[in-house]
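Worksheet for the structure shown next.
The numbers here are math on the coordinates, done by the rules we state, and not lab data. If you're wondering where the values come from, they're calculated on a predicted model, not measured in any experiment. Reconstructed Cβ throughout: ideal geometry from the backbone, glycine too, with neighbour counts over all protein chains shown.
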Amino acid sequence: MRHLIIIGSGPAGYTAAIYAARANLEPLVIASSVEFGGELMKTTEVENFPGFPEGIMGPELMTRMQEQAERFGAEIVYDDVVSLELEGPVKRVTLGDGSVHEAHAVIYATGSAYRKLGIPDEERLSGYGVSWCATCDGAFFRQKKVAVIGGGDSALEEATFLTRFADVVYLIHRRDSFRASAAMQERAFADPKIQVIWNNEVAHIYGDEKVTGIGIVNTVDGTETTLDVQGMFVAIGADPRTHLVHGQLDLAPEGTIAVEGRSSKTSLPGVFAAGDVVDPTYKQAATAAGSGVVAALDAEHYLADIADAEKAELVATPR
Amino acid sequence: MSTKAVTDATFADEVLASDKPIMVDFWATWCGPCRAVSPILDKIAEEHADKISIVKLDVDDNPETAMKYGITSIPAMYVFQNGEVVKRVIGAKPKPALEADLAEFLA
């Protein structure tokens, strides 16, 4: 049996792995089969992770974290968790290939999943003009018109990225101001290809085989407008990925996993949570990394305590 | 084993003329999810070599074919049979999910 299994391979998972590996806990990291490295694998330049004054590409940053964790003895498995048994002193993790892994402690750092608009035809046209990944799909919209939906950092980053290819980028936000950082906003406002449309929501997506346009509705006066676009990029945030632990771990009102105070301790002993899955507010690579440190240290203390308890029991019960 | 690459020039001979089902993985070097799904496709190709062939097409180097099939999202994995598209799978997915999508060809 292992000391520790870490589920997730974003900044939280890998940072927890670096700390746990350096503490000789020989962690097993379940990195996912196609989403290893987490959300940063889909970004381009990361300019706000400390230590990289020139910026660093998201995938490059994640590869470095992975190598750093491996250097100290973390073992990484590229598969997906299909089920978890977290109650009791032995935690069981079942993977997509059917293998079962056991450990005394688990760090859960699965991040979040992109939110959908939840409107008709979104699913049907997904991959045919509706996209959640500007870095993957932007190049197919050369000299075309596209819309980006959202008002946070990722929406503005995607809009700016898409100006490399598209002629016009409509940036559609349901409020009259952005949540995004000042640096991102300045860049977007200064870009002649980006047209900001405030106070509007997407109500319809048009197109039989592919997106040919969208219908937007003004949230203030209800007026409808049709925009001729060939692509629509959805960046309206993400929801914590908690489905594997429903019924096992307590959740916070925000939908994130509930943790005790500033710690990573969940409602079950020996189960710790870190990164975006516990954070409804900040959701940065650097805060996720810090949260991974907290989880690794909490897990280390927990494992030391149960080792002490076992020793004490051996002393107390002479053979 | 890594899957074979096809190009605009070889597409008709290698894909459209294939007598067994053949899946084309439309991908690009700058697409993270494409790189993630690539080893999974290699594995499926190896395990089901008698049922289906899998080839890859770099959309940057071969824009003609990518445009002809209206690719706007990658990875896009299209199965061709007798020169026609018979199945479209879009987006990187874990191996069991891809095998479920391809069940009719792997049976």
Exercise. If you average the sequence gap of Cα pairs under 8 Å that are 6 or more apart and divide by the length of chain A, what percent do you get for the contact order?
Worked result: 20
Exercise. Counting only other chains, what is the mean number of Cβ atoms within 10 angstrom of the Cβ of each residue in peptide A:119-128?
Worked result: 2
Problem set entry | Residues whose placed amide H lies under 5 Å from that of A:Tyr206, excluding near-sequence neighbours | A:Thr212, A:Gly213, A:Ile214, A:Gly215
Exercise. In sequence order, what are the phi-derived ³J(HN,Hα) couplings for region A:206-222 according to the Karplus relation 6.51 cos²θ - 1.76 cosθ + 1.60 with θ = phi - 60°, rounded to whole Hz, with x for glycine and proline?
Worked result: 9, x, 8, 8, 8, 5, 10, x, 9, x, 10, 10, 6, 6, 9, 10, x
Exercise. Which lysines have a Cα less than 28 Å from the Cα of A:Lys283, not counting those fewer than 8 places away in the same chain?
Worked result: A:Lys42, A:Lys91, A:Lys116, A:Lys265, B:Lys93
For this session: Could you run the Karplus curve 6.51 cos²θ - 1.76 cosθ + 1.60 with θ = phi - 60° over region B:32-49 and give me ³J(HN,Hα) per residue in whole Hz, x for Gly and Pro?
Result: x, x, 5, 5, 5, 7, 4, x, 5, 5, 4, 5, 4, 4, 5, 6, 10, 4
For this session: Per residue, how big is the convex hull around the C-alpha atoms of region B:40-103? Give it to me in cubic angstrom, could you?
Result: 93
For this session: Starting from the Cα of A:Lys193, draw a straight line to each of the aspartates and glutamates and keep only those under 12 Å, dropping any in the same chain fewer than 8 residues away.
Result: A:Asp167
For this session: Principal axes first, then extents: for the Cα atoms of chain A, list largest minus smallest coordinate on each axis, whole Å, largest first.
Result: 82, 41, 36
Problem set entry | Inter-chain Cβ neighbour average for residues A:129-141, partner chain, 10 Å | 5
Exercise. Hey, with R₀ at 51 Å, roughly what FRET efficiency would A:Ser99 and A:Thr317 work out to, going by the Cβ-Cβ distance, to 0.05?
Worked result: 0.90
Problem set entry | Rounded tilt (10° steps) of A:58-71 against the dominant C-alpha axis of chain A | 10
Problem set entry | Relative contact order computed over region B:1-78 (Cα-Cα under 8 Å; 6+ residues apart), in percent | 49
For this session: List, in order, the whole-Hz ³J(HN,Hα) value for each residue of region B:76-93 obtained from phi through the Karplus relation with A = 6.51, B = -1.76, C = 1.60 and θ = phi - 60°; use x for Gly and Pro.
Result: 10, 10, 9, 9, 10, 9, 6, x, 10, 6, 10, 7, 10, 10, 10, x, 5, 9
Seminar exercise, completed: Taking placed amide H atoms and a strict 5 Å upper bound, the residues 5 or more places from A:Glu26 or on another chain that come that close are none
For this session: Obtain the nm distance between the two label points defined at A:Thr212 and B:Met67 by a simple spin-label model: each point lies 7 Å from its Cα along the Cα-to-C-beta direction.
Result: 2.1
For this session: Mind listing the long-range amide H neighbours of A:Ile107? Cut-off is under 5 Å, sequence gap 5 or more, other chains count too, H placed in the peptide plane at 1.01 Å from N.
Result: A:Ile5, A:Ile6, A:Ile7, A:Phe272
Exercise. Arranged from highest to lowest average of other beta-carbon atoms within 10 Å per residue, in what order do the peptides A:157-165, A:304-312 appear?
Worked result: A:157-165, A:304-312
Problem set entry | Mean Cβ count within 10 Å, highest first, over the residues of peptides A:142-149, A:222-229, A:271-278 | A:271-278, A:142-149, A:222-229
For this session: Apply 1/(1 + (r/R0)^6) to the Cβ-Cβ distance of B:Ala9 and A:Phe49, taking R0 = 45 Å, and write down the FRET efficiency to the nearest 0.05.
Result: 0.60
For this session: Using only atoms on other chains, find how many Cβ atoms lie within 10 Å of each Cβ of peptide B:65-73 and report the average.
Result: 4
Exercise. What 222 nm value per residue comes from the helices of the protein assembly as shown, counting each DSSP H run with n ≥ 4 as -39,500 (n - 2.57) and dividing by all residues, nearest 500 deg cm²/dmol?
Worked result: -8000 deg cm²/dmol
